[in-house]
Amino acid sequence: MTLDQARQALNKYFGYRHFRPMQAEIIQAVYDRRDVVVLMPTGGGKSICYQVPALTIHGTVLVVSPLISLMRDQVEALRANGIQAAFLNSSLSANEQRQVEEDLFRGRLRLLYVSPERLVSQEFLPVLKAARISLFAIDEAHCISAWGHDFRPEYGQLRFLKKQFPTVPVMALTATADKITRRDIVRQLGLRAPRIFVASFDRPNLSLEVRPGQKRREQILRFLRARPGESGIIYCQSRKATEELAATLALTGLRVDYYHAGRTTEERSRVQDAFIRDELEVVVATVAFGMGIDKSNVRWVIHYNMPQNIESYYQEIGRAGRDGAPADTLLFFSYRDVTVWKDILADSAPEIRDIRLAKLERMVQYATSAICRRKILLNYFGEQRTDNCGNCDVCLNPPSYFDGTVLAQKALSAVARLKEQVDMTTLIDVLRGAGKRYLRKRGYDRIKTFGAGRDLSFYDWRHYLEQMLQLGLVEIAYDDQNRVCLTDAAWDVLKGRRKVELVQPATLKQREQAARKHRAGAAELDHESSELFERLRQLRLEQARMRGIAPYMVFSDATLREMASARPATLADLAQVSGVGEKKLAEYGQVFLDAIHLWAKEKGIALQVRRGGQTAVRIPGPKKVDTLERTWELYCQGLSIYEIAQARNLKPDTIITHLAKLYEEGRKVDLRRFVSRSEMQRVLEVLRTLEPPWRLKEIHDALGGELDYAKIKLALAWVARKQRTG
Ligand code: ADP
Ligand code: ZN
């Protein structure tokens, strides 16, 4: 096997022109029959690393995957690309399982996905021995490590693979980057001199933003309004919060549901399914949601609450934008969340607790930092980055510094006069001289600095105090009601011995504006292209529904975006779009091409033919096939003849002619929705008495005018197909 063959397979089956960084090296290592460990972030493109070998090496690639729902989706997506794949797990009937085993034995499968339970079972070994396995791919390999939180005991038994099949290479894949997990994987699988590939954990298409957790619902609604029809996930800490937020959002007409471990299995899989199929736009969920989801067109992720550590945060936002197209992430930060986590962690065993608290601390630093957020993230994962990313809120709202000494003195003096007894919210209320009853009740309205900072908003004060926290001027007693306390450095400032430089926070409006401008720039789709994209997205939805698959399995958002901006004029041009492989070109090519032509015609835009034809500009006229296909689609959506006619602005009679033709071609048009069996029989009888070629009027008259022309046309289609098929 050569990398050239690998590249051809990538192109033919997936429609991708190039390997992503490291994919080619990993595949080469498999060709060299080496064991490999692959560390790549979620959405980095791990599956290609074993799928391409499956397409180029003789034999079957066995994929171990811990998530049953994911297996089904992965197999469905492979089949959509014309790749023979199957899965084996407890969700199949005994018969179905036998069929899969038979297919495996006969070498009909390129890939077989199995659950770890199945793989380690006694009965399965002879099946495996009888098959020809070219590679074992262990997905989510971190589940082998008792150290992590996804530990799966069966993974611990996978060592038998190397013992029973010493010559078959093993590939272990995970998005968990830490060294302990990596060591565990190598040791427990018994890998031999494995090659270890650590890809960059950068996901440049994900924007990063952190905002103070104030008026979160309002902010979320505005965020959603700016992204109509786009899929996303909102993570909350508690089950109750998911339900409440989902209810609020539902009031605004959004298609939204909630997901947490307290719902029944059926409810959970219904929500997950609806989300994958783009029937829901928003899922409000606890962290229980997302592991089993491969949906590539999640366009945004919001954290209503802050996650416990950077690993979880990165994994959760990683579920956005797997297709590589731009996607947005937003984290709301509040000190209350920190307290909640501290309370939860207080109950864990001391040796774990300290590590977890340290990780929480890093998460807080990330959320309150004034330097490029991606830099912090990548440094956390051990990648040194010195340049600013240009796609996070800090980069988009470059800090402007000013002498904040007086401002800091006001705040610090208030802390001192309040005897370090209040939390940040109360402190800000005092500084702003808020007219709240609890302040008067506690006598805070009588201290000297009450209202000394009323010229600033709550939001601004939050920012300044966060900066003072980072500068080490104040501390928060997380173990004691989040009281704000002074440090030694604070006294230097109060006594005028030290100056304080602060960053002017951008207002929420400025931030939103900057984000919008950036999105428009990054999107690279001009107004017209995004209109076409919208249309193609709708078409994708229809096509997916007709086939009962998820829209992202038809084409990814990234592929549709490229179609919308490149506007291919011929099938050959369309084949050049990334994500359009041979199978999909054959299955969907014409329909999408027709939609692009129709749109271009409406807009009076000429499409440029690039390949497979003269390079002349061609303005397409609608073709017969278009119109038939369009009727077919609407018919498949369950529309009546009159509805189709209305939608297409055609006469019902024309639609009937279409349906008759479609039926004649062999499509599954249910004629009996329009004409009864006995009516068709009567037409057949009359035909026997008449000389061909038959004319409609003649038949109509012979029937004594009892059947209308529409019915006769349909009956004729029935007769024609009957005659042809005997
Ligand atoms: P992971 O398993 O690492 O989370 P996936 O294997 O699901 O990631 O890949 C994420 C997305 O990137 C998928 O939609 C996949 O088809 C796409 N992808 C992978 N490799 C390439 C490539 N070489 N070119 C273009 N897209 C790719
Ligand atoms: Zn940045």
VAL406: surrounded by 20 or more Cβ atoms within 10 Å (Cβ to Cβ) and among the hydrophobic types (A, V, I, L, M, F, W, C), yes or no? no
Counting only residues in region 294-306 that are open to solvent by less than 10 Å² (accessible area, probe 1.4 Å) and either under 19 Å from LEU70 (Cβ atoms) or in a loop (DSSP other than H, G, I, E, B) (or both), the one farthest from ligand 1 (Cβ to nearest atom) is identified as MET306
So VAL493, is it part of a strand (DSSP E or B) and touching a residue at least 40 places away in the same chain (Cβ under 8 Å): no
Out of curiosity, is GLU691 buried (at least 16 other Cβ atoms within 10 Å of the Cβ) and of a type in the set (Asp, Glu)? no
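Out of LEU135, LEU109, LEU88, I need the residue that is over 30 Å from GLN315 (Cβ atoms) and under 33 Å from the mean Cα position of the chain (by Cα). Which one?
Details: LEU135 fails: over 30 Å from GLN315 (Cβ atoms); LEU88 fails: over 30 Å from GLN315 (Cβ atoms).
On inspection, the qualifying residue turns out to be LEU109.
In region 245-288, what residues are assigned to a helix (DSSP H, G or I), open to solvent by less than 60 Å² (accessible area, probe 1.4 Å) and of a type in the set (Val, Ile, Thr)? Break it down into steps so the answer makes sense when it comes.
Residues of region 245-288 assigned to a helix (DSSP H, G or I): 245-251, 265-276.
Right, trim to open to solvent by less than 60 Å² (accessible area, probe 1.4 Å) and you get 245-250, 271-272, 274-276.
Across region 245-288, the qualifying residues are THR248, VAL271, ILE276.
Within region 523-536, restricting attention to residues that are part of a helix (DSSP H, G or I) and open to solvent by 40 Å² or more (accessible area, probe 1.4 Å), which residue is farthest from ligand 2 (Cβ to nearest atom)? Outline the logic, then answer.
So in region 523-536, the residues part of a helix (DSSP H, G or I) come out as 523, 527-536.
Now narrow it down to the ones that are open to solvent by 40 Å² or more (accessible area, probe 1.4 Å): 527-528, 530-531, 534-535.
On the way: HIS527: 28, GLU528: 31, SER530: 25, GLU531: 31, GLU534: 30, ARG535: 34 Å.
Looking at residues that are part of a helix (DSSP H, G or I) and open to solvent by 40 Å² or more (accessible area, probe 1.4 Å), I get ARG535.
Rundown of residues vs (1) assigned to a helix (DSSP H, G or I); (2) open to solvent by 10 Å² or more (accessible area, probe 1.4 Å); (3) not aliphatic (A, V, I, L, M), yes/no style:
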site	(1), (2), (3)
ARG545	yes, yes, yes
ILE549	no, yes, no
MET553	yes, no, no
THR559	yes, no, yes
GLU562	yes, yes, yes
SER565	yes, yes, yes
PRO568	no, no, yes
SER578	no, yes, yes
LYS583	yes, yes, yes
Which of the residues spanning region 203-224 are in a helix (DSSP H, G or I) and either among the aromatic types (Phe, Trp, Tyr) or within 19 Å of the chain's Cα centre (by Cα) (or both)? ILE220, PHE223, LEU224
Any idea which of (1) surrounded by fewer than 19 Cβ atoms within 10 Å (Cβ to Cβ); (2) outside any helix (DSSP H, G or I) is the one GLY324 doesn't satisfy? (1)
Only one of (1) over 23 Å from ILE293 (Cα atoms); (2) within 16 Å of ligand 1 (Cβ to nearest atom); (3) open to solvent by less than 10 Å² (accessible area, probe 1.4 Å) fails for ALA600. Which number is that? (2)
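With respect to GLY390, determine if the residue is modelled with pLDDT of 90 or more and touching a Phe, Trp or Tyr at 6+ places or on another chain (Cβ under 8 Å). Steps first, please.
Details: modelled with pLDDT of 90 or more: yes; touching a Phe, Trp or Tyr at 6+ places or on another chain (Cβ under 8 Å): no.
No, not satisfied.
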Could you check region 358-383 and list, in sequence order, the residues that are over 27 Å from the mean Cα position of the chain (by Cα) and farther than 30 Å from ASP460 by Cβ? ALA358
Members of region 159-187 found to be at pLDDT 95 or above and crowded, with 20+ Cβ neighbours inside 10 Å, listed by number: PRO169, VAL170, MET171, ALA172, LEU173
On the basis of being farther than 29 Å from LYS499 by Cβ, open to solvent by less than 20 Å² (accessible area, probe 1.4 Å) and within 16 Å of ligand 2 (Cβ to nearest atom), does LEU360 make the cut? no
Any idea which of PHE402, PHE458, PHE381 is in contact (Cβ under 8 Å) with a residue 12 or more places away in the chain and within 16 Å of ligand 1 (Cβ to nearest atom)? PHE381
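The values are calculated or read from the model by the stated rules, or taken from the named source; none is laboratory data. Keep in mind that this is a model prediction, so the values were computed, not measured. Ideal geometry is used to build each Cβ from the backbone, glycine not excepted, and the neighbour counts take in all protein chains shown. Just the protein is used for accessible areas: all its heavy atoms, side chains included, with ligands, DNA and RNA removed. Shrake-Rupley method; radii C 1.70, N 1.55, O 1.52, S 1.80 Å.
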